[in-house]
There are 2 protein chains.
Amino acid sequence: MPVYHAPTKDMLFVLDEVLKISEADIPGYDDLDRETVQAILDEAGKLSENVLAPLNPVGDSQGCTLENGVVRTPEGFKDAYEQMRAGGWMGLDADPEYGGQGMPYVLNCAVGEMFVSSNMAFNMYQGLTHGAYSAIHAHGSDEQKATYLPKMIDGEWSGTMNLTEPHCGTDLGLIRTKAEPQDDGSYAISGQKIWISAGEHDLSENIIHLVLAKIPGGPDGIKGISLFIVPKFLVNEDGSLGERNSLSCGGLEEKMGIHGNATCVMNYDGAKGFLIGEMHKGMRAMFTMMNEARLGVGLQGYAQGVVAYQNALAFAQDRLQGRDVTGVKNPDGPADPIIVHPDVRRNLMHQKSFVEGARAFTFWGAQMIDRAHRNEDAAAEGMISLLTPVIKGFLTDKGFDTTVLAQQTLGGSGFTKEWGLEQFVRDARITMIYEGTNGIQSLDLVGRKLGVDGGKHVMAFFDMVKDFIKENKGQDEAFDRDFLEPLKAASKDLQTAGMYFMQNGMKNPNNALSGSYDFMHLFGHVCLGLMWAKMGLAAKAAMDAGASDDFYATKLATGRYYMARQLPATGMHLKRIESGAETVMELDAANF
Amino acid sequence: MPVYHAPTKDMLFVLDEVLKISEADIPGYDDLDRETVQAILDEAGKLSENVLAPLNPVGDSQGCTLENGVVRTPEGFKDAYEQMRAGGWMGLDADPEYGGQGMPYVLNCAVGEMFVSSNMAFNMYQGLTHGAYSAIHAHGSDEQKATYLPKMIDGEWSGTMNLTEPHCGTDLGLIRTKAEPQDDGSYAISGQKIWISAGEHDLSENIIHLVLAKIPGGPDGIKGISLFIVPKFLVNEDGSLGERNSLSCGGLEEKMGIHGNATCVMNYDGAKGFLIGEMHKGMRAMFTMMNEARLGVGLQGYAQGVVAYQNALAFAQDRLQGRDVTGVKNPDGPADPIIVHPDVRRNLMHQKSFVEGARAFTFWGAQMIDRAHRNEDAAAEGMISLLTPVIKGFLTDKGFDTTVLAQQTLGGSGFTKEWGLEQFVRDARITMIYEGTNGIQSLDLVGRKLGVDGGKHVMAFFDMVKDFIKENKGQDEAFDRDFLEPLKAASKDLQTAGMYFMQNGMKNPNNALSGSYDFMHLFGHVCLGLMWAKMGLAAKAAMDAGASDDFYATKLATGRYYMARQLPATGMHLKRIESGAETVMELDAANF
């Protein structure tokens, strides 16, 4: 059975010592003193370690079942769901006006990392509800909000997002699901949606589906899409459940991972739906939630890396095999623990330096979202919109890679179900795909976000890195050499790549588009380099202040690993980008 | 249901036009004219496409079952096994003296790629038999050979390799399985072996286990290990099956992939075993088969990439989503096929350029093995021993990556079981682990192979690359620029890395060992760069000779992609290596 230890101390380091959230001058952040945050994280950690983690392999092996239209979740999921509700976790950052606790999003992310590391498939049920909550909260009428939000925040009702159809996923302009206006102001929704996570299940009394559909006669393509609330059970005026709506789960997808979450085919057969937001502006409504939703998936990616790393580490410290070539470390045993071997350490350091950097990046991004929303800060909004595809794409690609590396630490044991590593690999894999494949993220970054407001936000990013280096250099030779110089070099690679796009993308957009994926990775490395430099500073400050704890020296050493051994990837990505579109586009499709 | 098309034309290109095997002056190779090879590949292709590939998802979903000591393989496996036997495929490269066809190993690899791409789990049954055959053939007595080989070559009996025990895999010196000498000259074998592929099943009448065990009183550790033949059924003097031996399958491993192959816990309870080769020289016997066995696993790695790529390509040509930004390609359809999009092409080209390079490298290596054995060529033996860990480690890492990339091409469909891609990912994953994890391969390469005979073989490799460049440069400016110059630069990175090890490894072996994994990858890229340059030359030659087929232009374009977009990884690996051991080794084990 795999282990999970809530990394509370590491999270507090990021929140309290690196981001210094309680001093961040964001409404609501002044409540986030270290003690309060620690108390919340301790509770979330207990739930994650004791309730969710033990259910993770159960959910994987049992999966969900569909019988006569009823989906049953794995044994124990209902109990765990009730414990989540009882703890008020589902409404942690939700609007107090509707019963939420109104905490900042950054705290939701810290707690969310624990829930996802311990049981990703389970946590998706409330994750989807949170997404639907956000859409209704942002775009619903007062009546809709009053009807749906309190029960969704409580978890009594859950939510879903219905976008994909069999013939269209990325290209939503092709949607065929129809919404026919009815005399009572509602719409009759008809069509089939696929890959609907948590589309049907036995955890909540009602399921509030948000469905993208086209109202006949509207504009073609993406501009003619509207968003509808389509509840599984219609809601009576007094808030009680009314009749069953004409929608049903037509099948469960058999898939590689996240077996504990029901991935449903949803059939809408003239179901009663209610327009949310403006007619034909459904995509805009979806986009307003996108930064949070995509950051949430980036979080899932590295969070699987976190738990995978923990298990790889436990194995490496326990498994005796071979001897340290520089001198026996465990003379009383038949062999040394494999953590003595340089290549095992390389692997572990790779995992560790990524997941800790990714956590800092995600929390930093969550703080930026809070700043954008709570301070109505347009610069923050621009910055997080720019970085969202990086957070989603880079952290899920590398998060998946981390689970694979962790699996490798265990050798043959990593391939068996017994040790649990292979589940982390299978579960992490979906994060690279859903909420926009990582290829789409890279196109969003290069084709859309780079050019927003005349490139203002990416320039702001470069300035931020430059200013950071300028402010901090010259105080400590080792820190300059180990952190600031590599960061500067990596940032220069990123700027050079951006320049290449500007100079060659006008001539032929494919010169930019065929480098987009590498650009996303290059960008991700620079961001994690920046995060490690920030963490290094904070660790140095603590040590300078007399902290004798190895914790801070370890942070510095882990950061040095990242700078020395991960950051050099930027040069490779730049070279690929600079090779242009020619080798990518040369072949006729028929000659592949 | 996934597709598989036997890539006969691509294989013939490598065998006949790049390696020019029929002119290679290796005994047995003169029979390998293009027509003969094509006829054999056509037959193997039919079997692979029509019999093995359709069984691949069946094997995955049904898996193997153990009941009362009897292991049942998935439906259809027995029939397919009989067809393999009837076709004589199991003895293709086996010794004619015992009923084999005596074909070169290189041909066995080409056929093997098809079998593995179409059904890896199934092909492992005969693969293991082949390994056991090789050990008995190399080290058995004449009587042992006469007793076991003919029926193993025929497939009537199968074979296994028993190395791993619960407490030891990599570090076989810790083996506890005992072999007590008996009065009749046999040994009583007692102990438990785990992860025994094909350890028990219903495909063959008898299973010949090769078991590593220790004879009491022998030297400690790895030097006290002997190898034994331990048949499931003892064999009577007339060759008929005698009594059941005291061994049994104690359980089947539940694992991430290769479900169609039974991974067994094997319990030996005083089973009758027969020493093979010299007492205490069991490891040496294992090592003689290692180059072939490890090349075979490298082949498995890229072969899963081959079939994954084929399915990604089929999807990309069929799936309509979005429009080509440079102009609509499919005006009559609702959208363009996704292969028009630069990032989809980047992904496909990455897959294609790897698997075709890997095939050339593997066949080239197989030819080197043939040259080593059939010509008793010590230089060839030295070269293939050097490159074996590169073939195994690099091709399985990148082969797995290729299956992941291919899965990504399909977006959400790639995550579902229906399309089959996720099975290729799960099946490919084991190749990075078994037959020595890839970490172990990198240690073998850097810690052992580089220094053999005073570094003679690695110097020979560099000379080979240098000579190749020298011989071919100056004839075609574009070829020099696109192929030879990148190859030269990559080879220089490899030499620089080797130099770093020489200069810093003496001081501290960890400076070499912590760079071993990156060195293996750096080496692999140089090898594939060399292969692409060789393939580029052959394609140019065909075009110069008037071939109008797009086939050759496609080879050149694919090679250019590899050189421009994959080879730049060498610089990253070099930088990591040159950062030395410090960041890898700095942390105390307790501080991870």
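Computed quantities for the displayed model
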quantity: Test result for B:Ile194, touching a strand residue (DSSP E or B) at 6+ places or on another chain (Cβ under 8 Å), touching a residue at least 40 places away in the same chain (Cβ under 8 Å) and within 14 Å of chain A (Cβ to nearest Cβ); calculated: yes
quantity: Failed condition for A:Leu275, given (1) hydrophobic (A, V, I, L, M, F, W, C); (2) within 30 Å of A:Ile194 (Cα to Cα); (3) not assigned by TED's automatic domain parsing to the domain that holds A:Asp93; calculated: (3)
quantity: Flag for A:Glu418 being within 9 Å of chain B (Cβ to nearest Cβ), buried (at least 24 other Cβ atoms within 10 Å of the Cβ) and modelled with pLDDT of 95 or more; calculated: no
quantity: Among (1) more than 14 Å from B:Lys232 (Cα to Cα); (2) surrounded by fewer than 23 Cβ atoms within 10 Å (Cβ to Cβ); (3) out of contact with any strand residue (DSSP E or B) (no Cβ under 7 Å at 6 or more places or on another chain) - the single one B:Ile153 does not satisfy; calculated: (2)
quantity: Selected residue (criterion: surrounded by the most Cβ atoms within 10 Å (Cβ to Cβ)) from residues of region A:397-415 that are more than 29 Å from A:Leu320 (Cβ to Cβ) and within 11 Å of another protein chain (Cβ to nearest Cβ); calculated: A:Phe400
quantity: Flag for B:Glu205 being surrounded by fewer than 20 Cβ atoms within 10 Å (Cβ to Cβ), under 29 Å from the mean Cα position of the chain (by Cα), away from chain A (no Cβ under 11 Å) and under 20 Å from B:Lys272 (Cβ atoms); calculated: yes
quantity: Enumeration of residues in region B:22-57 that are closer than 27 Å to B:Arg85 by Cβ, of a type in the set (A, V, I, L, M, F, W, C) and under 23 Å from the mean Cα position of the chain (by Cα); calculated: B:Leu32, B:Val37, B:Ile40, B:Leu41, B:Ala44, B:Leu47, B:Val51, B:Leu52, B:Ala53, B:Leu55
quantity: Within region A:253-286, considering residues that are part of a loop (DSSP other than H, G, I, E, B) and buried (at least 24 other Cβ atoms within 10 Å of the Cβ), the one nearest to the other protein chains (Cβ to nearest Cβ); calculated: A:Ile258
quantity: Qualifying residues in region A:309-339 (those that are part of a helix (DSSP H, G or I) and polar (S, T, N, Q)) - the one nearest to B:Leu174 (Cα to Cα); calculated: A:Gln317
quantity: Residues being farther than 16 Å from A:Leu513 by Cα, charged (D, E, K, R) and in a helix (DSSP H, G or I) - total across region A:431-484; calculated: 11
quantity: Those helices (runs of 4 or more DSSP H) lying entirely in region A:1-83 with at least 3 residues in contact with a helix residue (DSSP H, G or I) (Cβ under 9 Å, 6 or more places away or on another chain) and without any contact (Cβ under 8 Å) to a residue 40 or more places away in the chain; calculated: A:34-47
quantity: Residues of region B:339-374 satisfying the condition of being at the interface with chain A (Cβ under 10 Å from one of its Cβ atoms) and touching a residue at least 40 places away in the same chain (Cβ under 8 Å); calculated: B:Val344, B:Arg346, B:Asn347, B:Leu348, B:Met349, B:His350, B:Gln351, B:Lys352, B:Ser353
quantity: Answer from B:Phe523, B:Phe551 - the residue that is more than 14 Å from every other protein chain (Cβ to nearest Cβ), in contact (Cβ under 8 Å) with a residue 24 or more places away in the chain and either of a type in the set (Asp, Glu) or in a helix (DSSP H, G or I) (or both); calculated: B:Phe523
quantity: Any hit, region B:269-281, residues being over 18 Å from B:His139 (Cβ atoms) and not small (Gly, Ala, Ser); calculated: yes
quantity: Residue match in region A:212-224 (condition: β-branched (Val, Ile, Thr) and away from chain B (no Cβ under 14 Å)); calculated: yes
quantity: Positions within region B:127-175 being polar (S, T, N, Q) and either in a helix (DSSP H, G or I) or under 17 Å from B:Gly199 (Cα atoms) (or both), in sequence order; calculated: B:Thr129, B:Ser134, B:Gln144, B:Thr147, B:Ser158, B:Thr160, B:Asn162, B:Thr164
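Every residue, every condition in (1) among the hydrophobic types (A, V, I, L, M, F, W, C); (2) within 14 Å of chain B (Cβ to nearest Cβ); (3) closer than 24 Å to A:Gly451 by Cα; (4) in contact (Cβ under 8 Å) with a residue 40 or more places away in the chain, yes or no:
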position	(1), (2), (3), (4)
A:Val465	yes, no, yes, yes
A:Glu477	no, no, no, no
A:Asp493	no, yes, yes, yes
A:Ser516	no, yes, yes, yes
A:Phe519	yes, yes, yes, yes
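The values are calculated or read from the model by the stated rules, or taken from the named source; none is laboratory data. Predicted model, so just to flag it, every value in this text is computed and none were measured. Methodologically, a virtual Cβ is constructed for each residue, glycine included, from the backbone with ideal geometry; neighbour enumeration extends over all protein chains shown.
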